[in-house]
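These notes concern the structure reproduced below.
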Amino acid sequence: MPDKQPGFAGSLRHLVRPRHLEHTAVSGVDLSVEAGEAVAYLGPNGAGKSTTVKLLIGILQPTAGEVRVCGLKPYRDRHANARNVGVLFGQRSHLWWDLQVRDSLALLRDLYRIPTRRYKERLAEFDDLLGLGELMPVVARKLSLGQRMRADLAAALLHAPPVVFLDEPTIGLDINARDAVRRFLRKICDDGATLLLTTHDIGDIEEVCRRVVIIDRGRIVFDGPIDRVKELVTRQRIVHFTLDPEWAGTVVLDPGWVTRLQNRLPAVMLVVDGAPHQISVAFDSASYGAGEIVSAVAARMPVVDLRIDETSIEDVVRRAYAGELNEPFRDVVT
């Protein structure tokens, strides 16, 4: 990257004697994705996500290490690799701006040399899953963002690639358009496609992917199933109990039951909420199961309702981005 001082003098000096700084975008990324997997590739801005995708599609050549997609080296076999992959960046389009959607797709059909029969079958599939038929006569520049994304998905996947790279495929879409895109992505994965998804949309991750890879400063800090990352980042769970109001008044008057509960379950934390008939028990899920907590409380007081707070993937990713990874998490990834 250029090492240039600000202002006109800095620009002139850089023009006469240019200097550059070396920046490592990704380093030590050891990633293998099996056929049919749907993987969420996550990280804060500047972590190296887009660089990884550019390496996988052959735009960039690695300065060290090796990159292979379907057995090919993308930077060396770009044309062959292009037939194996479908790529969609949320802010860029595969469509020709002044052409109808049908004409853009016809051009792509010819570029990929898709047989006529297969092309018609693909259009029928896209119409069923994405509602493509209504978009075919529309000029690309007149499409709404949600319509363009559906048409772009069809364009990127027209040649039925076995590997798909998607960057923010639902950005800016309304709820109906997002649901349609997510159903479509689940369908292509069920049909055997391999998906690498970079996104900030938690719904995309939870509804489409079962594996999460988190990258930070060019290095992978976690690689595993969604449930595992939830478990590792924060093991604390909370059970909220609603007690019989007629009995609950004795809770604050007789603290003996608190002592008895904690004697049975050491290391739990109990909080009496604002309403006297509401209590919460926080516990480490590595030490106790929720069932043990519920049984212990229900044996000592009349519980009429309960709710268990689970860790959401949104909380996990937010904490990972903020560097709030606890020790169990670090033990796995280092």
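The values are calculated or read from the model by the stated rules, or taken from the named source; none is laboratory data. Computed from a predicted model, the values in this text were never measured in an experiment. As a convention, Cβ positions derive from the backbone with ideal geometry for all residues, glycine included, and neighbour counts pool all protein chains shown.
Quick notes on this one:
- All positions within the range 53-105 that are loosely packed, with under 13 Cβ neighbours inside 10 Å and within 28 Å of V139 (Cβ to Cβ): Q91, R92, W97, D98
- Qualifying residues in the range 276-303 (those that are polar (S, T, N, Q) and farther than 9 Å from F241 by Cβ) - the one surrounded by the most Cβ atoms within 10 Å (Cβ to Cβ): S285
- Restricting attention to the range 304-334 and to residues that are outside any strand (DSSP E or B) and either small (G, A, S) or at pLDDT 75 or above (or both), the residue that is surrounded by the most Cβ atoms within 10 Å (Cβ to Cβ) turns out to be A320.
- The condition (being over 15 Å from the mean Cα position of the chain (by Cα), within 30 Å of V164 (Cα to Cα) and at pLDDT 70 or above) is satisfied by just one residue among R211, R217: R217.
- Residue match in the range 132-145 (condition: modelled with pLDDT of 85 or more and within 30 Å of S32 (Cα to Cα)): no
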